[in-house]
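In what follows, a single structure is set out as structure tokens and then discussed.
The values are calculated or read from the model by the stated rules, or taken from the named source; none is laboratory data. Computed from a prediction, not measured in an experiment: that's the story for all the values here. Don't worry about glycine lacking a Cβ; one is built from the backbone with ideal geometry, like all the others, and counts go over all protein chains shown. These accessible areas exclude ligands, DNA and RNA; they are computed on the full protein's heavy atoms, side chains included. Shrake-Rupley method; radii C 1.70, N 1.55, O 1.52, S 1.80 Å.
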Amino acid sequence: MLNTVSAGSAQKAAQLGWTGVVRFLHLAPRAFLPMRAAETVTLVAGKGIEGDRYMIGKEEGFYSHKPEEGRQVTLFELETLVALKRDAGIGLGPEEHRRNVSVEGVPLNHLVGRRFWLGETLLEATRLSVPCRHIEEITGKAIFDPLINRSGLNCKILQGGIVRIGDTVRNAT
């Protein structure tokens, strides 16, 4: 059965009807500071999240020396936290993965190059996030290898607005 999977399977999966939900929101004003939980965050088109370390023009993050338009907001699947605990025995909280938005029911790996709605905001997925040794240093947890290809999604903000916990995440096409 696995040998019948075509190259277009990921694209077909992303086109199927799916709806997810925002479960957690986090930001940090500077590198190395703990992520701060929020009930709402404000996304600014073409810039980033108000008050976050990677807001374009105000960068103070660990990777700010490598500015990237496609890293204005980052998402992470809650299902990955469950798999990390189940498969590697590593408990990682939503505030520890250092991504801004934790979602449930969203096929993040299949959205690269696609547009989708995060609440009232419109995002374009630019690339998958790469696991980071920096997160291992901060948490003291060996998560680099288990998070390869499951480390979240980097996005550009096309239409800004407020994102709230409980908002719907849905395909834009």
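In the stretch 155-163, the condition of being under 23 Å from Arg30 (Cβ atoms), surrounded by fewer than 17 Cβ atoms within 10 Å (Cβ to Cβ), in contact with an Asp or Glu (Cβ under 9 Å, 6 or more places away or on another chain) and basic (Lys, Arg) is met by no residue. Picking from residues in the stretch 128-173 that are in contact with a helix residue (DSSP H, G or I) (Cβ under 7 Å, 6 or more places away or on another chain) and of a type in the set (D, E, K, R), the one that is modelled with the highest pLDDT is Lys156. Apart from one condition, Val106 fits all of (1) in a loop (DSSP other than H, G, I, E, B); (2) open to solvent by 20 Å² or more (accessible area, probe 1.4 Å); the exception is (2). When the stretch 25-36 is filtered for residues that are open to solvent by less than 80 Å² (accessible area, probe 1.4 Å) and either closer than 15 Å to Ile162 by Cα or out of contact with any strand residue (DSSP E or B) (no Cβ under 7 Å at 6 or more places or on another chain) (or both), the ones remaining, listed by number, are Leu25, His26, Leu27, Pro29, Ala31, Leu33. Please tell me if Arg86 is open to solvent by 20 Å² or more (accessible area, probe 1.4 Å) and either at pLDDT below 90 or in a strand (DSSP E or B) (or both). No. Of all residues in the stretch 115-173, those being touching a residue at least 12 places away in the same chain (Cβ under 8 Å), acidic (Asp, Glu) and outside any loop (DSSP other than H, G, I, E, B) number 2.
If the condition is being crowded, with 17+ Cβ neighbours inside 10 Å, more than 13 Å from the chain's Cα centre (by Cα) and either more than 13 Å from Phe76 (Cβ to Cβ) or of a type in the set (Gly, Ala, Ser) (or both), then the stretch 118-137 contributes Gly119, Thr121, Leu122.
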